[in-house]
1. As an exercise, use a Förster radius of 41 Å and the Cβ-Cβ distance of GLN38 and LYS119 to find the FRET efficiency, rounded to the nearest 0.05.
2. Under a point spin-label approximation (7 Å from Cα along Cα-to-Cβ), what is the SER87-GLU219 distance to one decimal in nm?
3. Expressed in nm to one decimal, what extension gain is obtained for the pair ARG77 and THR132 from 0.36 nm per residue of sequence separation less their Cα-Cα distance?
4. Ordered by residue, what ³J(HN,Hα) values in Hz, to whole numbers, does the range 238-253 give under the Karplus form 6.51 cos²θ - 1.76 cosθ + 1.60, where θ = phi - 60° and Gly and Pro are x?
5. Within the range 18-52, what residues put their amide N at less than 16 Å from the label point 7 Å along the Cα-to-Cβ vector of ALA107?
6. Calculate how steeply helix 200-209 sits against the longest principal axis of the alpha-carbon atoms of the chain, using the helix alpha-carbon long axis, and give the answer as 0 to 90 degrees to the nearest 10.
7. So if I place +1 on the C-beta of Lys and Arg and -1 on the C-beta of Asp and Glu, and nothing else carries charge, what would the dipole magnitude of the range 120-297 be about its Cα centre? I want it in debye, nearest 20.
8. For a quick protection proxy, order the peptides 67-76, 10-19 by their average other-Cβ count within 10 Å, most packed first.
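Nothing in this text is a laboratory measurement; each read-out follows from the coordinates by a stated rule. Because the structure is a prediction, the values reported are computed rather than measured. As a convention, Cβ positions derive from the backbone with ideal geometry for all residues, glycine included, and neighbour counts pool all protein chains shown.
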Amino acid sequence: MGKNKRWGKKYKDKRDWPTYNEKLVNRGEYYINPKFLQTWNPEIKEMNNNKVGNPYLYPESLIEFLAILKEKGFKDRDLEGILRGLSKNMNNFPVISYSQINRRINALDIQFSNEYDNKLIVGIDGTGHKVTNRGDWMRHVWKVKRGWIKIVIMGTIDGKIVDVRVGTEKYDERNAGRIMIKKHKDKIKKVLADGLHDCNETFDLCEKLGIDTAIKIRENASKKGLGRRPREVRKYKKKGYKKWAKEKKYGMRWPATEGIFSAEKRIFGECITATKKANMYKQAKRKFWAYNKLIQNC
């Protein structure tokens, strides 16, 4: 029996391996880099300016340092131990307790502050993170339901995150997308999304805001009507998927969404360890914040 002929062109690996390897090594340096010691005193002074009650003792940069390590799998007590080891070799700076570490990390104000040019091409998509790391056998044998947290992101075509929304399994991904579009309307030039976002509300919003769209049209979409969606449906049906995707540059959606999901899960895992619902949402968002910080600095 003959071998099946491979479809398409033969894959060629065009990556710059020396540069890629250096980026991976730089990640290790980024994880354990106590830069917070350089800004400790001025940060504390600013944080305690006009503060009522007990003063802050530990700067926000220290908490961010610990938060990223926590998403790499370290427990709160591990983090206290890491700080003890660093303190012994770095002028005995004060060490925060594991209970305070947990509280301060959950209280972090997560912001996706990136230096962006206006008129971004962005992708919108959703994924899920498990709220338990139990095996599949438990689900099937003991009939235990494994819940998950839904995360909807807006990312740029160069793999940076603009915004993140989180909710339960029933979270409306399309509505979350429209909320992010409204929030960042002044920065966005074009929106890329899969067929889930093929709805009049999203097309009409982008039409109103003057934002171009490359949203995959569903097979049963109707051509009738006068709005943007019916116009886009007619174009899609006339050209076919391949020609439409090429003209719309729909392939740019992958690095803006799926690429981010893949990398974030490989680096920080797809399981949520927090037990309270509010903290689960915070941790899910924090994983993507940690990923964004990592790619900005490495």
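1. 0.70
2. Those two pseudo-labels are separated by 6.3 nm.
3. 17.8 nm
4. 6, 8, x, 4, 4, 5, 4, 4, 5, 5, 7, 6, 5, x, 5, 5
5. What the label zone holds, given the 16 Å backbone N cut-off, is 44-52.
6. Around 80 degrees separate the two axes.
7. On the way: 46 positive and 20 negative charges, 62 e Å.
For the range 120-297, the charge dipole is close to 300 debye.
8. Peptide ranking by packing, descending: 67-76, 10-19.
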